[in-house]
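> Provided herewith is a single structure, encoded as C-alpha cells, for subsequent inquiry.
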Amino acid sequence: MQMTDETLMARKAWLGLLAKAPASDLQALWRASGLAPAHSVLRAPEIGAVMVRGRAGAVGAAFNLGEMSVTRASVRLSDGVVGHGYVQGRSKDHALQAALIDALMQTDAAGQVETALLVPLREASARRKAARAAKAAATKVDFFTLVRGED
C-alpha cells in the first residue's frame with residue numbers, strides 16, 4: 001500500500017501523540033472504547049534504549065545527552081494491516097496499545113478510533129501544555145530600564 005505525503009504526516013502525528021501520552025490515560029481510554037481487534041503479534045513488546053542527542057541553546061554542534069528507555073511492538077490485524085508502536089519508558093502494554101491503534105487508524109475504524117482515543121488524548125495534551133505555560137508565566141520577571149537623567 002502506497003502512502004501519500006498527507007497520510008504519512010497524519011500517521012506521524014498520531015504516532016507522536018500515542019508515544020507521548022501517559023500510559024494510564026491511554027489505558028483508560030482503550031478500555032472505555034471497547035475496541036478489541038483480532039490481531040497477531042509480529043514483534044512482542046520489547047524494551048531497549050536509544051541515544052538522545054541535544055544542542056546547547058538549540059544551536060551549535062549536537063552532543064550525546066544520554067540514553068532513554070523505549071519500548072516497541074508490532075502487530076498485524078486479521079485483515080493484514082500492520083501497526084507499530086514506539087513509546088518512551090518501559091510500558092509493554094502502552095507499546096502494544098499504540099501498535100494496535102496505529103493499525104486500526106489505517107482501516108475503516110479510523111473515525112471511531114479518532115473520536116474515542118485520539119481526540120481525548122489531544123485535548124489532555126493541550127491542557128497539560130497550557131498548565132505548563134501558565135506555571136512558567138507565573139515566574140516571568142519583567143525587566144525595565146529607568147532613565148537616570150545622565151547624558
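> Here are some pairs, Lys20/Lys135; Lys12/Lys92; Lys12/Lys140; Lys20/Lys129; Lys92/Lys135; which of them have Cα atoms lying more than 24 Å apart in this structure?
Pairs exceeding 24 Å: Lys12/Lys140; Lys92/Lys135.
> Under 8 Å for C-alpha pairs, at least 6 residues apart: give me the relative contact order for region 47-151, rounded to a whole percent.
Reported relative contact order: 16 percent.
> Let me ask you something else. Find how many whole Å separate the alpha carbon centroid of region 112-132 from the alpha carbon centroid of region 43-96.
20 Å
> Once the other residues with Cβ under 13 Å from the Cβ of Ala99 are scored (Lys, Arg +1; Asp, Glu -1), what is the net sum?
+2
> Another one. What distance in nm lies between label points placed 7 Å from Cα along the C-beta direction at Thr115 and Phe144?
5.2 nm
> I would also like to ask the following. What value, in deg cm²/dmol to 500, does the helix sum -39500 (n - 2.57) over DSSP H runs of n ≥ 4 give at 222 nm once divided by the residues of the chain?
My calculation for the chain gives -13500 deg cm²/dmol from helical runs alone.
> Evaluate the charge dipole of the chain about its Cα centre and quote only its size in Debye, nearest 20, assuming +1 on the Cβ of each Lys and Arg and -1 on the Cβ of each Asp and Glu.
Dipole of the chain, to the nearest 20 debye: 420 debye.
> Just to check I understand the Karplus step: with θ = phi - 60° and J = 6.51 cos²θ - 1.76 cosθ + 1.60, what whole-Hz values come out for region 73-81, glycine and proline as x?
7, 9, 9, 10, 6, 4, 8, x, 6
> Below 13 angstrom from the Cβ of His84, what's the summed charge of the other residues (Lys, Arg +1; Asp, Glu -1)?
Result for the neighbourhood of His84: +3.
> Shifting gears a bit: Tell me the net charge near Thr71. Cut-off is 10 Å between Cβ atoms, Thr71 excluded, with +1 for each Lys or Arg and -1 for each Asp or Glu.
+1
> Also, quick follow-up: Per q in 0.15, 0.23, 0.24, 0.28 Å⁻¹, report the Debye log10 I(q)/I(0) for region 6-77, using one uniform scatterer on each alpha carbon and no solvent.
Evaluating at q = 0.15, 0.23, 0.24, 0.28 Å⁻¹ gives log10 I(q)/I(0) of -0.79, -1.27, -1.29, -1.24.
> Still on this structure: Between Leu42 and Arg55, what is the label-to-label distance in nm when each label sits 7 Å out along the Cα-to-Cβ direction?
Placing both labels 7 Å along Cα→Cβ, they lie 3.3 nm apart.
> Can you tell me the convex hull volume per residue for region 42-151, based on C-alpha atoms, in Å³ to the nearest whole number?
For region 42-151, the hull spanned by Cα atoms encloses 198 Å³ per residue.
> Test of understanding: in a Gaussian network model of the chain with alpha carbons linked when under 10 Å, which of Ala19, Ala95, Ala136 would top the mean-square fluctuation ranking?
Evaluated over the chain, the most mobile residue of the options is Ala136.
Read the figures in this text as sums done on the coordinates, not as results from a lab. Treat the numbers as computed from the prediction; the structure is a model and nothing was measured. Methodologically, a virtual Cβ is constructed for each residue, glycine included, from the backbone with ideal geometry; neighbour enumeration extends over all protein chains shown.
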